[in-house]
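Visitor: There's a structure below that I have some questions on.
The values are calculated or read from the model by the stated rules, or taken from the named source; none is laboratory data. This structure is a prediction, so every number in the text was calculated from the model and none was measured. Don't worry about glycine lacking a Cβ; one is built from the backbone with ideal geometry, like all the others, and counts go over all protein chains shown.
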Amino acid sequence: MRIIVVNMEDGDEELLLELMDSVSVHEGKIEVISSAAVPSVSFKGLTINCGKRQVFREDKEIRLTRLEYDVLYLLAAHAGQIVSKELIFKAVWGSASEDTIKVVANTVSNLRGKMEPNRHCPIYIKTVFGGYLFCDEMITDTPC
């Protein structure tokens, strides 16, 4: 299992360390990663600059909301793996959110409209049985 921390801000290092300590009892079964620790990555013309929370398609910046970026980052961090709507909802909105799981589908639809060349035939985020699948053909891996 991997826990993705998507909303790291200045001063959150202590929170991250506390979280890592609390999951250490699982003896390596859980991995905690922060967007600050993940390099910028590119997939088929799409570049995600994790350190600056910026996304580019064919070198043109795509303006995303905080929630759109967090969903995209979560899916890209699990490229090639099916990520359930429930996991996305809990990771991005939190289990205490008053929103419903429908916000995940709406956010993915908005993402497709902004980043896919053809939102009706997506190449980055595919809907599959059980959730969503981000393409797994990574092109480059460069540090932030």
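Visitor: Scan the range 64-77 and tell me whether some residue there is touching a strand residue (DSSP E or B) at 6+ places or on another chain (Cβ under 7 Å), farther than 18 Å from residue 41 by Cβ and crowded, with 16+ Cβ neighbours inside 10 Å.
Guide: Taking every residue of the range 64-77 in turn, none turns out to be touching a strand residue (DSSP E or B) at 6+ places or on another chain (Cβ under 7 Å), farther than 18 Å from residue 41 by Cβ and crowded, with 16+ Cβ neighbours inside 10 Å.
For every residue, the table says whether it meets (1) of a type in the set (A, V, I, L, M); (2) not in a loop (DSSP other than H, G, I, E, B).
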residue: 61; (1), (2): no, yes
residue: 64; (1), (2): yes, no
residue: 74; (1), (2): yes, yes
residue: 80; (1), (2): no, no
residue: 98; (1), (2): no, no
residue: 109; (1), (2): no, yes
residue: 118; (1), (2): no, no
residue: 121; (1), (2): no, no
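Visitor: A further question on this structure: Could you identify the single residue in 92, 108, 103 that is among the hydrophobic types (A, V, I, L, M, F, W, C) and more than 14 Å from the chain's Cα centre (by Cα)?
Guide: Of the residues listed, the single one that is among the hydrophobic types (A, V, I, L, M, F, W, C) and more than 14 Å from the chain's Cα centre (by Cα) is 103.
Visitor: Does the range 100-122 contain at least one residue that is within 16 Å of residue 45 (Cβ to Cβ), hydrophobic (A, V, I, L, M, F, W, C) and surrounded by fewer than 20 Cβ atoms within 10 Å (Cβ to Cβ)?
Guide: Yes, the range 100-122 contains at least one residue that is within 16 Å of residue 45 (Cβ to Cβ), hydrophobic (A, V, I, L, M, F, W, C) and surrounded by fewer than 20 Cβ atoms within 10 Å (Cβ to Cβ).
Visitor: Additional query: Just to be sure before I move on: is residue 61 assigned by TED's automatic domain parsing to the domain that holds residue 133, over 13 Å from the mean Cα position of the chain (by Cα) and modelled with pLDDT of 80 or more in the structure I sent?
Guide: yes
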